[in-house]
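Here's the structure we're looking at; comments come further down.
Here, each number is a calculation from the coordinates, and none is a lab measurement. Remember, it's a predicted structure, so these values are computed and weren't measured experimentally. Positions of Cβ are generated from backbone atoms using ideal geometry, with glycine treated the same way; all protein chains shown enter the neighbour counts.
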Amino acid sequence: MLQRMIKCAMLPALFILIQSRAMATEGMWLPHLLSNMNEKEMKGMGMKISAADIYNVNKGSLKDAIVSLGGFCTAELISSQSLLLTNHHCGYASVQSHSSVEHNYLDNGFWAKSREEELPNKGLFVTFIVRIEDVTLQAMQGINRSTPEKDRQKLIDANIAKIKDNAKKEQFQEALIKPFFEGNQFYLFITETYKDIRLVGTPPSSIGKFGSDTDNWIWPRHTGDFSLFRIYAGKDNRPAEYSKDNVPLRPKHFLPVSLDGIAENDFTMVFGFPGRTQQYLPSEAVKLTVEGQDPAKVSMRDASLKIIDGFMRQDEKIKIQYAAKYASTANAWKKWIGEMQGVQQTKGIERKVTYEGEYTKRLEANTTLKAKFDGVLDSLNTLYRGYAPFAINRDYYAELTRNVELLSVSDKIITLMNDVREKGEDQYPALRDKLVGSLESFYKDFSPRVDRDVAAALLDIYFKEVPTRYIGGEAVQIWMETNKSGKVTADKYYSNSALITYDKLKAFLNQPYRDLNTALFKDPVTRFGIALRNGFIQNVNNPAVAINNDIMRLQRVYMQAQMEVMDNKRFYPDANSTLRITYGKVSGYKPADAKTYDYSTTLDGVMEKYKPGDYEFDVPEKLRSLYAQKDYGQYGVNGKMPVCFIASNHTTGGNSGSPVLDAYGNLVGLNFDRTWEGTMSDINYDASICRNIMVDIRYVLFIVDKFAGAKNLVDEMKLVHPKKAAVKPVQKRA
Ligand code: ARG
Ligand code: GLU
């Protein structure tokens, strides 16, 4: 009895301990602030290096091995010759552009046998961060709490221009200033951008994209999602346009690659360029996202994906035409579904409400703060309630014009006409040619049969779900003409519109500008497109923009209020595509009752999923035979080949390709995804189920060395055994 009482009394304390230990992994931190904010905690979690090893402006540090790739992914240097590692899905477009029927690098992989064979990629670039500085004071000069909103941005823009002009930098570097904490702080980034980036190697899609859309966002995962590039510079080691005389960049730092692998509870950190998160929204905004906007977007994509999938399964040509479009539509669709479920499962909205209760209690107890921030949270929540219908209907419109491809073309034509109206009629031929040129590849992959069915389904949903007052009279009138039926509308349009083939479209746009103006109202698709767009702008977009301006202002004040009121909480800025570091521990999780997930997968799982000939789950012959012979070289452990693992690092889109580092700063993995249950981490991080998914670096090495026979690339790297090195020899007692 007594024992039980003691046990019960201890429970809350234990609970808090577990909670805070788990919570410790939330956050995407600025690398130059680690020594003040995170170093102690990181060391407590097992880190063996110091904050100065991660970010240092005076000598090479880890940050000098990390680049933003093309502004959409992350990549890292892994040799003194600037060998660059990123994801297969980040390099996909480059690999695709080099592929043809004769050289299908997507299907077969590609490995440059020498520097001469490395393939240049027009338009691809990487950006290093040279230095980060807090410029908040300068950016906010002349601004105080009573500065009118419309003047505020102008003043900031002028201040920022001045800071940029005065920034100390070399002429081959750039200065970039970004707002943080909803515009409460500003940081200056001195950057260096290299534009000669060459493809070195990529595994076939059956390894690099293994599991494709079925496995996307899913754990357990078995994808070797990596590819290799190289950064080239001028002979002076500075950024240079592509030239065959360029040489590999000699970098300030590159990452040693660990052969020791990971174990449960190991400390890991992910260094990269996360794109966008919204951690400081009020409860009404989270509610709007997961109860209003996500369901709206998902319902439109559900319908569209089902139809496209049906065609792709029947028709080989359509499968090729729609593969990439399907993947990108499905990627966000699946993420939103995970986000809704995750917020529900972790009671994300209730948690926000509880947090707001605590915030309000503290605010009420502090007269100074109350004077400053009274009513801010309530007003913000009220604004979001008023904003909700506009936001939801804006999403319906955006999904309609995105997923119905002909409406997206119509939208482009309307934009073209608006441009001409602004810039002058004589600009029409040039602007038209630009649009026509950009649409060539669109029509190559366009199937009117598919799009007609998608249009029929989505128009039905749109007119059913969006109240007519948000659609506008003109479009509703047209909808009545076709019996309020998506199918009747789509059939009529697809038999009569000039937009359904590239040749017809070209002829249509080749009429004199004046005639085109009238023709637009005769073509059924553009006529409908114009009516829908006008109705949307007037009834949804204009009011939404007006409310949104107020929301942005209050969101900024509420951010400041949270930082002052909740002063025992450590705040990190929302992701904004700037360099961040996040850390956590290798760990499995429990996604649902009676379900438990391990933290790592092996090649055995690849073979379990293997479906001969399947476009998602085929396995190349060579890999099967390496598996049969257990020929894993120095990369296997105990007869198994590690493939992927998960940890509680807080990541988001843009972190694809980010290096995963061990306690010593050695490369142990390559980030490429998150688990489905945890995709809500963008608005509601929860350490109990949020996990990032990484390729084990030993699998990368195994594929490069044993599968591709590109031992030359492995020889370029610096392979290390940190764990072995860390074990001190046992001292014999005398
Ligand atoms: N879900 C990952 C990321 O957003 C991977 C996407 C690419 N892979 C795919 N199967 N579509 O964005
Ligand atoms: N695949 C994502 C990317 O392309 C990373 C996954 C995520 O959203 O965390 O950046």
Original post:
Computed over the Cα atoms, what is the radius of gyration of the chain divided by 2.2 N^0.38 Å, N being its residue count?
Top reply: 1.02
**OP:** Using Cα pairs closer than 8 Å and at least 6 residues apart in sequence, work out the relative contact order for the chain, in percent.
**Re:** 23 percent
Original post:
What ³J(HN,Hα) values, in whole Hz, does the Karplus curve 6.51 cos²θ - 1.76 cosθ + 1.60 give for segment 695-706 when θ = phi - 60°, with x put for Gly and Pro?
Top reply: 7, 5, 4, 5, 5, 4, 5, 4, 5, 4, 7, 7
Original post:
Once fully extended, how much extra length lies between R115 and Q344, figured as 0.36 nm per residue of separation less the alpha-carbon to alpha-carbon distance?
Top reply: 77.3 nm
**OP:** Give the residue from P612, A398, N56 lying farthest towards the positive end of the charge dipole for the chain; charges sit on Cβ (+1 for Lys and Arg, -1 for Asp and Glu) and the dipole is referred to the Cα centre.
**Re:** N56
**OP:** Per residue of segment 280-287, in order, report the coupling 6.51 cos²θ - 1.76 cosθ + 1.60 (Karplus, θ = phi - 60°) as ³J(HN,Hα) in whole Hz, putting x for Gly and Pro.
**Re:** 10, 6, x, 4, 5, 6, 5, 4
Subject >> trypsin sites (Lys or Arg not before Pro) restricted to segment 71-159 and DSSP loop, no more than 10 other C-beta within 10 Å >> reply: K122, R145
**OP:** Post the alpha-carbon centroid distance, segment 532-598 to segment 440-458, in whole angstrom.
**Re:** 34 Å
Original post:
Taking amide hydrogens as modeled 1.01 Å from N in the peptide plane, which residues meet the under 5 Å criterion relative to Y664, leaving out close sequence neighbours?
Top reply: K48
Subject >> Segment E264-A158, length gained on full extension (0.36 nm per residue, minus Cα span) >> reply: 33.1 nm
Subject >> Rounded if a/c under 1.5, otherwise prolate or oblate - segment 408-554, Cα gyration tensor axes >> reply: oblate
Original post:
Which residues' amide hydrogens lie under 5 Å from the amide hydrogen of F110, considering only partners 5 or more residues apart or on another chain, with H built in the peptide plane?
Top reply: T202
Original post:
To the nearest 0.05, how large is the calculated FRET efficiency for R362 and K252 if R₀ is 56 Å and r is the Cβ-Cβ distance?
Top reply: 0.80
**OP:** Obtain the nm distance between the two label points defined at T136 and E440 by a simple spin-label model: each point lies 7 Å from its Cα along the Cα-to-C-beta direction.
**Re:** 5.1 nm
Subject >> Point-to-point label distance, I320-Q538, nm (Cα→Cβ direction, 7 Å offset) >> reply: 4.6 nm
Original post:
With the Cα gyration tensor of segment 200-258 giving a ≥ b ≥ c as the square roots of its eigenvalues, does the rule (a/c under 1.5 for rounded; else a/b larger than b/c for prolate; else oblate) give rounded, prolate or oblate?
Top reply: prolate
**OP:** Please give the calculated 222 nm ellipticity per residue for the chain, where each DSSP H segment of at least 4 residues contributes -39500 (n - 2.57) and the sum is spread over every residue; nearest 500 deg cm²/dmol?
**Re:** -15000 deg cm²/dmol
Subject >> Table column - 3J(HN,Hα) (Hz), segment 394-410, Karplus curve with 6.51, -1.76, 1.60, x for Gly and Pro >> reply: 5, 5, 4, 5, 4, 5, 4, 7, 8, 8, 8, 5, 5, 5, 5, 5, 4
Original post:
For segment 476-624, what does the alpha-carbon gyration tensor say about shape, rounded, prolate or oblate, given a ≥ b ≥ c as the root eigenvalues, a/c under 1.5 as rounded, and a/b over b/c as prolate?
Top reply: oblate
